[in-house]
Amino acid sequence: MTKTDQSERLFLYSTAVSDVGYVRSNNQDSAFAGERLVAMCDGMGGHAGGDTASTIAIRSLAHIERDDRDQDVQSLAQMMETSVIAAHDAIVGKAKREHRLSGMGTTVTALALADGSWVLAHIGDSRAYLLREGRLVRMTQDHSYVQHLINTGRISPAEAKSHPQRNVVMRVLGDFDIDPRPDISISKARPADRWMLCSDGLCGVLEDSTIAEVLESVSDQAECAQQLVTMALKAGSTDNVTVVIADATLALDADAFDLPHQTPLVGGAASSNLEALADILDEPVAATPRLRDESNESPAKRAAVLTQGGEPDEEETRGVMVQPSAAREESGERHVLDTSEIPVVLKKDGSQTDDPYDPEVADAIHKEHLEQRKRDRSHRFRMRLVLAAIAAMVLAGLAGGTASAYGWSQKQYYLGQENGRVTIYQGVPTKAFAVSLSHPVRSTDIEVNNLPQSWRDQLDAGITVSSLADAEEHATLIRHEARSLSEERNNGGDRIKPSASPTPSDNPEDGQHSS
């Protein structure tokens, strides 16, 4: 690298905010914001599965943050693809070992800076946007069913926002029979480039024009991220909402010893175990700042803050920091057993302890668990009595409405499978008193075994449509996509060739090179 190149070296600074939202019970998103890597993963597959899948993906990518910063762009691109595929293998392996995690998966949108170029890896329907010179460009394409309909001219982008299958993802990383290789693009980096990576909990409710306005008008990264997540929740997002902001900055003197340094930030599900990431990076990591709770900023609360010294709780303004294992051992910290709430035990010598390795504490935990099981049994018995009474009333009401419900059901259609083929059914995919409310009306030539596992799962559940004509059109689209996927597998797919020499473009739209 020449001295001129050194003086023009770009540095990446980033932050992130992730919030569970108003509807979901847990946060399945995971985010990483570092000096060389930023990543956003939106997990799926149940209460535990989504958390696990997105966390695995972040951990698989995190090592890129600490690798040689002078690495060439092509090697970095290959490393990002390999890391995503490694995450896929880890997710599949864990799902096979733990059946409760079967079907889990995650999107991955990751961005890294090296040698004056951006390298972007993407699979799923999370998004990456680039703001350059006041212009916002969407740099990823959703791997979703509605995006396919848009690409084939069947629906408009406006219609996609209300399409009933808008949440169906056709490519995703995880426990599915789908090609896990991500899209890889390379583009030339410029000073003042601002990137935003986000989950569909944000881009699914905010217009691009709104996103562009906030990214351009709010220069402070942390404030920008806070505002975007808050706006998405107020706009009615029913999902977890996560945003990562990353800015490229030109150092005046790249050889200086006092260059700014940021601690890597981890948000969402991956932040539940910061020690693991601290050990991967061999440096401290911190949890991302929490979303400000503006609803609690009442005059009474502000007065209380002033009365108690005028300073807010430090934990509300910055996340917890964790040191790598070597530093934790020196400070005497160690991993403890996961015992949920550990009771504090008063020992015979008058001392108190909550050390789970202490026999008296372990005995107290055991007794607490026995008491909890007794309470649970009593609660279940009471619930059975209540449910029995409710069931009796419901059955009485159903007796009068069965005829009308059956008549309505026979006006519905859905796609399922029969004898190994995609089949159109009339009715609804359920039973009432062991009687099926549907029957097959037309069988197609589409072999179910040739479809990805995620599509088979949807067919098992039944893909509902509004009419027989819509069902036939949907079957035609499935046939077309099945043939396209078959041809792509036969051709081996496009991959990054290490010998290729990327030619970065000054235009972020024209300068992408897909792997």
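Note on Arg171: accessible area is roughly 50 Å² with a 1.4 Å probe, heavy atoms of protein only.
On full extension, the segment bounded by Lys374 and Val320 gains 15.8 nm, given 0.36 nm per residue less the C-alpha separation. Distance from a point 7 Å along Cα→Cβ of Arg66 to each backbone N in segment 13-38: keep the residues under 19 Å and list them by number. Backbone N within reach: 31-38. How would segment 63-186 be classified by its alpha-carbon gyration tensor: rounded, prolate or oblate, with rounded meaning a/c under 1.5 and the a/b versus b/c comparison settling the rest? Since a/c reaches 1.5 but b/c is at least a/b, the shape of segment 63-186 is classed as oblate.
Cβ-Cβ distance of Asn419 and Ser156, R₀ of 35 Å, FRET efficiency by 1/(1 + (r/R0)^6): the value works out to about 0.40.
Using a probe of 1.4 Å, the accessible surface attributed to Tyr129 totals some 0 Å² when neighbouring protein chains are kept in position. Take each peptide in 24-31, 283-290, count the other Cβ atoms within 10 Å of every residue, and average; sorted highest first, the result is 24-31, 283-290.
With the simple spin-label model, which puts each label point 7 Å out from Cα in the Cβ direction, the Ser209 to Thr249 separation comes to 3.3 nm.
The modelled label-to-label distance between Asp293 and Glu487, using points 7 Å beyond Cα along the C-beta direction, is 5.5 nm.
Which order do peptides 262-271, 151-160, 57-66 fall in by mean Cβ count within 10 Å, highest first? It would help to have the intermediate numbers written out before the result.
On the way: 262-271: 25.8, 151-160: 11.6, 57-66: 23.2.
For the peptides 262-271, 151-160, 57-66, the packing ranking is 262-271, 57-66, 151-160.
For Asp125, the amide hydrogen comes within under 5 Å of the amide hydrogens of His143, counting only partners 5 or more places away or on other chains and with H modelled in the peptide plane. Shape class of segment 90-137 from the alpha-carbon gyration tensor: oblate, with a/c at 1.5 or above and b/c at least as large as a/b. A full extension of the chain between Arg382 and Asp89 corresponds to an added length of 101.0 nm, given 0.36 nm per residue minus the alpha carbon distance.
Please arrange Val422, Val23 by accessible surface area, largest first, computed with a 1.4 Å probe and ligands excluded.
Val23, Val422
Averaged per residue, segment 77-158 has 35 square angstrom of accessible surface, using a 1.4 angstrom probe with ligands and nucleic acids left out. Per-atom-type breakdown for segment 86-175 gives carbon and sulfur 46% of the accessible area (1.4 Å probe, protein chains only).
Using a 1.4 angstrom probe on the protein heavy atoms only, could you order Trp408, Trp195, Trp455 from most to least accessible area? Each step should come with its number before you reach the end.
On the way: Trp408 145, Trp195 5, Trp455 25 Å².
The residues order as Trp408, Trp455, Trp195, largest area first.
The values are calculated or read from the model by the stated rules, or taken from the named source; none is laboratory data. This one's a predicted model, so the numbers in the text were calculated from it and none came from an experiment. Neighbour counts run over all protein chains shown; Cβ positions are idealised from the backbone, glycine included. Quick note on the areas: whole protein, heavy atoms, side chains included, nothing else; ligands and nucleic acids left out. Shrake-Rupley method; radii C 1.70, N 1.55, O 1.52, S 1.80 Å.
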